[in-house]
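J.: Before anything else, here's the structure in question.
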Amino acid sequence: MRKIFPVALLALVLAAAPLTPAAAEAPPQSDLIPGGYIVTLKDTAAPEGGGMDAAVEAAVEQATTLGADVQHVYRYAVHGYAASMSPSVAAELADDPRVRSVEPNRRVQATAQSVPTGVDRVEADKSPTAAIDGTDTRVDADVAVIDTGINASHRDLNVYRAGGKNCWLPFLPPTDWHGHGTHVAGTIGALDNDTGVVGTAPGARLWPVQVLDPLGSGTTAAVICGIDHVTQHADEIEVANMSLGGSGTDDGNCGKSNNDAMHRAICNSVAKGVTYTVAAGNDHGDAKNMIPAAYDEVITVSALADFDGKPGGLGQPTCRSDKDDTFADFSNYGADIDLIAPGVCIRSTSGSGGYTTLSGTSMAAPHVAGGAALYRATHPDALPQNVKTALQDAGGVDWTWPSEDGDSTKERLLGLTSF
């Protein structure tokens, strides 16, 4: 039985260490800052003969003596301070008659929505079906994310909980303890709601199908379970994204010649009308040696390095040192590649409820999944091959080549202006 892994390359988070493909994202946390407290004083806390400034200085000195690390001192809007301290010190300060309150410090985030560079580069913001304008118009399509699960509580995602399936631990909901699946989901369908990011097919119904564990690995048995679930609901699901892969080849016979059950499962699912988008892989090798990327029945996607959402190669590198508007230096290539899409330094939703940046062909494939969802929303009877052809025909070649591309074919770049 093959081991299957997600094909994200890097995760870059402000003030956090990079997340590698095999590392697990920490389980979702609350918005509380560990050890962080805000202490405010009563208006009557001023010492005799002194004002509130003196009260604040005395309170800060007391906190420091008790071992607290004071970061902010407040003298005008409120009187008090913010500090890191142990719960026991916080409790002791709360009992001080001069103290009005001791409350936990919490995380906050910007609420303005941004258009990620990938969504901009494939021109989903110009798609009449996506209708990205901040009014929360939702694309009428269902997309299965066969991955590490999805954080169904993320406020920027339209997760169809009832459609979920956990093939890793069947008795649990498909919760994302890694972060990879939630990031993929955001690129596909983050809401157009003036907060966070927006996806390629905003508001598409996202089906969480968990086949990878919290470390980001899984088995072909679990992946087939996920494909089986999608096929069971082929009358509801238009698109399935698989940003994962393992070693293998295409026998050209839907797995019947080389006994590849996953290939047979995908062929049967495609025959039921589901379009599959898959990541090419990050080995900078020929995608023919990785499955499901090698299968002819899917849409295999390589990664473009794009830092400004625009053609021309003028963007400055951000989280990686790739050259702007070129074939990503890690991406797989070859005759099995059907499209290229942005896959470097892509900002999207995170498993912890916020937002994070990842690179990899894992990030390229969901742009195409969103594009397929846009097409199916306006062409409900289109077959998977029709979807693939439409996406390829609408793509362009306005990117720098050959750069790091390892073959003699310049893949068409996803373009969604007409969708």
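The values are calculated or read from the model by the stated rules, or taken from the named source; none is laboratory data. If you're wondering where the values come from, they're calculated on a predicted model, not measured in any experiment. Note: ideal-geometry Cβ built from the backbone for every residue, glycine included; neighbour counts use all protein chains shown.
J.: In the range 213-241, what count of residues is obtained for those that are out of contact with any Ser or Thr (no Cβ under 7 Å at 6 or more places or on another chain) and of a type in the set (A, V, I, L, M, F, W, C)?
T.: Total meeting the criteria: 8.
J.: Go through the range 116-131 residue by residue and tally those that are among the hydrophobic types (A, V, I, L, M, F, W, C), touching a Phe, Trp or Tyr at 6+ places or on another chain (Cβ under 9 Å) and more than 13 Å from D192 (Cα to Cα).
T.: So the count comes out to 0.
J.: One residue is enough: does the range 352-361 have a residue meeting the conditions buried (at least 24 other Cβ atoms within 10 Å of the Cβ), over 29 Å from A152 (Cβ atoms), under 20 Å from the mean Cα position of the chain (by Cα) and among the small types (G, A, S)?
T.: Checked the range 352-361: no residue is buried (at least 24 other Cβ atoms within 10 Å of the Cβ), over 29 Å from A152 (Cβ atoms), under 20 Å from the mean Cα position of the chain (by Cα) and among the small types (G, A, S).
Residue-by-condition table, conditions (1) assigned to a loop (DSSP other than H, G, I, E, B); (2) crowded, with 17+ Cβ neighbours inside 10 Å; (3) not assigned by TED's automatic domain parsing to the domain that holds V139:
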| site | (1), (2), (3) |
| --- | --- |
| F330 | yes, yes, no |
| V387 | no, yes, no |
| P402 | yes, no, yes |
| L416 | yes, yes, yes |
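J.: Scan (1) charged (D, E, K, R); (2) within 27 Å of G179 (Cβ to Cβ); (3) in the same structural domain as G189 (by TED's automatic domain parsing); (4) assigned to a loop (DSSP other than H, G, I, E, B) for the single condition R347 breaks and write down its number.
T.: It is condition (4) that R347 fails.
J.: Please state which of the following conditions T137 fails to meet, knowing it meets all the rest: (1) surrounded by 19 or more Cβ atoms within 10 Å (Cβ to Cβ); (2) touching an Asp or Glu at 6+ places or on another chain (Cβ under 7 Å); (3) over 22 Å from V301 (Cα atoms); (4) not acidic (D, E).
T.: Of everything listed in (1) surrounded by 19 or more Cβ atoms within 10 Å (Cβ to Cβ); (2) touching an Asp or Glu at 6+ places or on another chain (Cβ under 7 Å); (3) over 22 Å from V301 (Cα atoms); (4) not acidic (D, E), T137 misses just condition (1).
J.: Would you list the strands (runs of 3 or more DSSP E) that sit entirely within the range 203-248 and hold 3 or more residues that are aromatic (F, W, Y), outside the structural domain of V184 (by TED's automatic domain parsing) and farther than 20 Å from A382 by Cα?
T.: Hits in the range 203-248: none.
J.: Within the range 184-197, can one find any residue that is under 19 Å from T129 (Cα atoms), assigned to a helix (DSSP H, G or I) and either of a type in the set (S, T, Y) or not assigned by TED's automatic domain parsing to the domain that holds H263 (or both)?
T.: Yes, the range 184-197 contains at least one residue that is under 19 Å from T129 (Cα atoms), assigned to a helix (DSSP H, G or I) and either of a type in the set (S, T, Y) or not assigned by TED's automatic domain parsing to the domain that holds H263 (or both).
J.: Name, by its number, the condition in (1) within 28 Å of S302 (Cα to Cα); (2) at pLDDT below 95 that does not hold for L157.
T.: It is condition (2) that L157 fails.
J.: Something else about it: If I filter the range 92-102 down to residues being within 11 Å of Y37 (Cβ to Cβ) and loosely packed, with under 15 Cβ neighbours inside 10 Å, which single residue comes out as farthest from the chain's Cα centre (by Cα)?
T.: A94
J.: Can you confirm whether S88 is without any contact (Cβ under 8 Å) to a residue 60 or more places away in the chain, of a type in the set (S, T, N, Q) and not assigned by TED's automatic domain parsing to the domain that holds G343?
T.: yes
J.: Quick check, is A305 of a type in the set (A, V, I, L, M, F, W, C), under 23 Å from the mean Cα position of the chain (by Cα), at pLDDT 95 or above and farther than 21 Å from G163 by Cα?
T.: The answer is yes for A305.
J.: Additional query: With of a type in the set (A, V, I, L, M, F, W, C) and free of Cβ contacts under 8 Å to residues at least 40 places away in the same chain as the only criterion, which of L358, L314 stands out?
T.: Exactly one residue qualifies, and that residue is L314.
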